[in-house]
1. Toward the positive end of the charge dipole of the chain, about the Cα centre and with charges on Cβ (Lys, Arg +1; Asp, Glu -1), which of Y22, T70, M117 goes farthest?
2. So what's the chain giving for Cα Rg divided by 2.2 N^0.38 Å, two decimals?
3. Computing the accessible area with a 1.4 Å probe over protein heavy atoms, can you report the carbon and sulfur percentage for the range 1-119?
4. Give me the angle, in degrees from 0 to 90, between the Cα long axis of helix 72-81 and the longest principal axis of the Cα atoms of the chain, rounded to the nearest 10.
5. Express the accessible area of the range 1-119 per residue in Å², computed with a 1.4 Å probe while the remaining protein chains stay in the model.
6. Residues with amide H under 5 Å of T52's amide H, sequence separation 5 or more or different chain, H placed in the peptide plane at 1.01 Å from N; which?
7. What FRET efficiency do you get for A17 and Q88 if R0 is 25 Å and r is their Cβ-Cβ distance, rounded to the nearest 0.05?
8. Using the Cα gyration tensor of the range 68-108, with a ≥ b ≥ c the square roots of its eigenvalues, what is the shape: rounded (a/c below 1.5), prolate (a/b larger than b/c) or oblate (neither)?
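The values are calculated or read from the model by the stated rules, or taken from the named source; none is laboratory data. Just so it is clear, the structure is predicted and the values come from calculations on it, not from any experiment. Counting neighbours? That spans all protein chains shown, and the Cβs are built from the backbone with ideal geometry, glycine included. Heads up: the accessible areas ignore ligands, DNA and RNA and are worked out on the full protein's heavy atoms, side chains in. Shrake-Rupley method; radii C 1.70, N 1.55, O 1.52, S 1.80 Å.
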Amino acid sequence: MTLEIGQIAITVGDVDAALVFYRDVLGLPFLFRPAPTLAFLAAGPVRIMLSTPQGAGTVGENSILHFKVTGVEAVHATLLARGAVNHQAPALTARMSDHELWIGFVRDPDGNLVGLMEEKRP
């Protein structure tokens with residue numbers, strides 16, 4: 001199993017204001033916005049997710065590493081077997097024109113969320 005960072009989530013108070021900063025001020029390319037509480041940009045090969053607090057996290061104090069994997073369900077199960085604490089089983093998060101985005105979460109020993117993401121293509 002090889003892990004690489006695929007996405008970093010940044011908890012923000014106002015996605016519109018944050019999008020202006022990250023897109024217009026920093027110049028990160030805008031990717032997509034599936035909901036008013038979410039926006040995605042590119043930082044090279046790593047995706048940046050701007051999100052309001054989703055039941056956990058404090059604005060400005062919470063980021064989540066999302067690791068790209070193949071076989072997200074199997075990787076999630078493997079990590080649980082290795083002692084990771086489950087937060088959310090992998091599930092379909094968004095349908096794109098060329099793939100489906102599946103994401104699951106485990107927690108590290110300090111309770112930080114660690115995301116596992118797979119872009120499933122037909």
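1. T70
2. 1.05
3. So the carbon and sulfur contribution to the accessible surface is 56 percent.
4. 60
5. The answer is 54 Å² per residue.
6. V12
7. 0.35
8. Here the range 68-108 falls in the prolate category.
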